[in-house]
Structures are given as C-alpha cells and as structure tokens.
Amino acid sequence: MSYAFEVTRNSRNLLEGILDKYSLQQLNKIPQGFSNNIIWNVGHIIVVEQLLVYKLSGLSPMIFDEMILKYQKGSRPDGNATPEDLQEIKNMLFATIEKTQADFNAGIFQNYHEFTNSLGFTLRSAEEAISFNYFHEATHLGIIMSLIKFV
C-alpha cells in the first residue's frame with residue numbers, strides 16, 4: 001500500500017503546484033463547455049478520498065460537512081471560492097492523505113460497506129478504495145489540465 005500513498009502524494013504535489021501557479025480568478029474560472037473549475041476539481045479530489053475511505057468504513061472523515069456538500073459528486077461550484085476556501089483546500093491536500101496513511105497503518109479500517117461507483121468499480125475494502133483513489137485523482141488531474149488551457 002505504500003506505493004498507492006506515494007502515487008497519491010505525487011499527484012497532490014502536482015495539484016499544489018497548480019494551486020500556487022494560478023490566480024484565484026483563474027482557479028475559479030469555468031470555461032465555456034465545462035461545468036466546473038480547477039479549484040472545484042481539487043476540492044472534489046480531497047472530498048472523494050475521504051468519503052471512499054472513511055465514510056464507507058463507517059468512520060468520520062477529517063473534513064467538515066460543509067466541504068463535503070460543496071465538492072461531493074454531483075455538486076457544482078456555487079460561486080467563486082474565496083482566499084479562505086483556497087487556504088482550506090491547500091491545508092487539506094496533504095493533511096488528509098497523511099492521516100489516511102497513518103490510520104491505514106494503524107489498522108483502523110476494519111469494516112467496509114461495499115460500494116459500486118458510477119464507473120462500475122466495486123470497492124470491497126478501504127485498501128481497494130485507496131487503490132482506486134489514485135485512478136480517480138488522475139482522472140480529475142486530466143480534467144484540470146484541460147481547464148488550464150482555457151484560463
């Protein structure tokens with residue numbers, strides 16, 4: 001599992017670089033033909049990892065309900081993210097994955113509610129959720145790379 005966390009950390013390093021490189025106005029821009037923006041995609045990545053691993057294990061995620069509602073699957077940007085929103089996302093980018101790895105190593109993920117996602121992937125354990133997560137993050141990193149062309 002250490003490789004899955006390494007891949008996720010590398011992905012998060014790329015995301016952090018994007019958040020640092022572009023202005024808040026650029027991060028908030030929703031180009032024509034898109035339904036979301038860069039900052040929403042990064043927030044979504046954080047939220048989905050927490051829901052797949054913690055919530056489906058019957059445990060409380062590290063993030064607040066407000067963040068979940070704002071970035072969960074099916075949500076859309078509800079206005080422009082503020083500098084405070086950006087800072088929260090930056091804070092959670094690595095804190096969440098570090099906690100997930102520590103909790104995984106501590107063996108706290110004992111129960112898991114099997115879940116089949118909209119792509120047809122069935123997750124049967126927290127380990128499978130962690131492994132699937134880097135596929136999910138890569139998908140959204142690709143979307144972010146497309147968005148960058150238009151901001």
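Bear in mind these aren't lab numbers, they're just calculated from the coordinates by the rules spelled out. Bear in mind the structure is a predicted one, so any value in this text is a computation, not a measurement. Note that we place each Cβ from the backbone using ideal geometry, even for glycine, and neighbour counts take in every protein chain shown.
Couplings for the range 97-109, taken from phi via the Karplus curve 6.51 cos²θ - 1.76 cosθ + 1.60 with θ = phi - 60°, read 6, 5, 5, 4, 5, 4, 5, 4, 5, 7, x, 7, 8 Hz in order; Gly and Pro are left as x.
Computed 3J(HN,Hα) for the range 48-54, one whole-Hz value per residue from the Karplus formula 6.51 cos²θ - 1.76 cosθ + 1.60 where θ = phi - 60°, is 5, 4, 5, 5, 5, 8, 7, glycine and proline marked x.
If each residue's Cβ is checked for other Cβ atoms within 10 Å, how do Leu27, Leu56 rank with the fewest at the top?
Arranged by neighbour count, lowest to highest, Leu27, Leu56 become Leu56, Leu27.
Projecting the Cα positions of Val7, Val53, Gln101 onto the charge dipole of the chain (unit charges on Cβ atoms of Lys, Arg, Asp and Glu, taken about the Cα centre) puts Val7 furthest along the positive direction. Using a cut-off of 17 Å between alpha-carbon atoms, which aspartates and glutamates can reach Lys70, once sequence neighbours fewer than 8 places away in the same chain are excluded? Within the straight-line limit of under 17 Å, Lys70 reaches these aspartates and glutamates: Glu49, Asp78, Glu84, Asp85, Glu88. Sorting the segments 46-54, 114-122, 18-26, 140-148 by their mean number of nearby beta carbons within 10 angstrom, highest to lowest, gives 46-54, 140-148, 18-26, 114-122.
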